[in-house]
Amino acid sequence: MAKRGETREKIVAAATKVFFAYGFEATSVKMILEEADVVAGSFYHFFPSKEALFEAVVENFLTDYSGQISGILQQDGLGMEEVTDRFLDVFIKSTKVYSEVLQGDRLHWTVQSALRDKTFQTMAGPIAAYLAKQEAEGTIKKKLDVEAETLAWLLIRGSEAVIHSKKKPKNKAELKKRLLEYWGTLVEF
């Protein structure tokens, strides 16, 4: 007999596979139960709804990524160039996983949208904390006259536009240059 934690993880793993293949709307609890080979009682013991399970799937996917970003931003003594380099290394690695392992371009739009939104939500807090710390230490020379949380969201959303622009950067160096140019319009270190 499977232990409670194992059953929960079995359900999350099965849901990940089914959600990624069919999207949120087209996935039924029955499909997840069949993939996980568990009974409905087990499902509802851990998750009150399909929505709650979907949240767990998305959280599971983002845990490693957000931990890496937070780790970079919490390191003392890193200048903006070094932070950008390390961020891009994590971004490039996660993009490769998203594309090759998860086949992100084939994910249902509901899954893509949820992953993007959760990624942004996950990054906003650590970026805001980093900006507040830099401002308190006097590292920031000037910035938009907004609170750190708003500035973090502007940096995130604008970075998405830079990364996914029609004129795609050819390499990491070009992407770094464009990001630093954009970020420089909002904050100067």
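Can you give the charge dipole size of the chain about its Cα centre, rounded to the nearest 20 debye, using +1 on the beta carbon of Lys and Arg and -1 on the beta carbon of Asp and Glu?
Approximately 540 debye in magnitude.
State which stretch of the chain is the longest one without any exposed trypsin sites (Lys or Arg not before Pro), exposure meaning a DSSP loop state and at most 11 other Cβ atoms within 10 Å.
Values: sites that count: LYS3, LYS141, LYS166, LYS167, LYS170.
Looking at the chain, 4-140 is the longest stretch - no exposed trypsin sites (Lys or Arg not before Pro) with at most 11 other Cβ atoms within 10 Å.
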*Using a Gaussian network model of the chain whose springs link C-alpha atoms within less than 10 Å, name the residue from ASP85, ASP76, ASP64 with the highest mean-square fluctuation.*
ASP76
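Taking the Cβ-Cβ separation of GLU81 and TRP109 as r and a Förster radius of 30 Å, what is the calculated FRET efficiency to the nearest 0.05? Could you put the intermediate results ahead of the total?
Numbers: r = 35 Å, r/R0 = 1.18.
Taking R0 as 30 Å, the efficiency between GLU81 and TRP109 is 0.25.
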*Can you give the three extents of the C-alpha atoms in segment 1-48 along their principal axes, from longest to shortest, in whole Å?*
29, 16, 15
_Cα centre as origin, Lys/Arg/Asp/Glu Cβ charges: segment 1-48 dipole, Debye_ = 160 debye
*asked:* Output the 0 to 90 degree angle, nearest 10, between the alpha-carbon long axis of helix 80-96 and the longest principal axis computed from the alpha carbons of the chain.
replied: 30 degrees
*Can you give the angle from 0 to 90° between the axis of helix 50-74 and the longest principal axis of the chain, with both taken from C-alpha atoms, to the nearest 10?*
30 degrees
*Run through every distinct alpha carbon pair of the chain and return the Kirkwood hydrodynamic radius in angstroms, one decimal place.*
18.5 Å
*asked:* Run the helix sum for the chain: -39,500 (n - 2.57) per DSSP H stretch of 4+ residues, divided by residue count, reported at 222 nm to the nearest 500 deg cm²/dmol.
replied: -25000 deg cm²/dmol
*asked:* Just to check I understand the Karplus step: with θ = phi - 60° and J = 6.51 cos²θ - 1.76 cosθ + 1.60, what whole-Hz values come out for segment 128-136, glycine and proline as x?
replied: 4, 5, 4, 5, 4, 5, 4, 5, 5
*For the pair LYS133 and ALA21, how long in nm is the line joining their label points, each one 7 Å along Cα→Cβ?*
4.3 nm
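Quick note: the coordinates plus some simple rules give every number you see, no bench work behind them. All values derive from a computational prediction rather than experimental measurement. We place every Cβ from the backbone using ideal geometry, glycine too, and count neighbours over all the protein chains shown.
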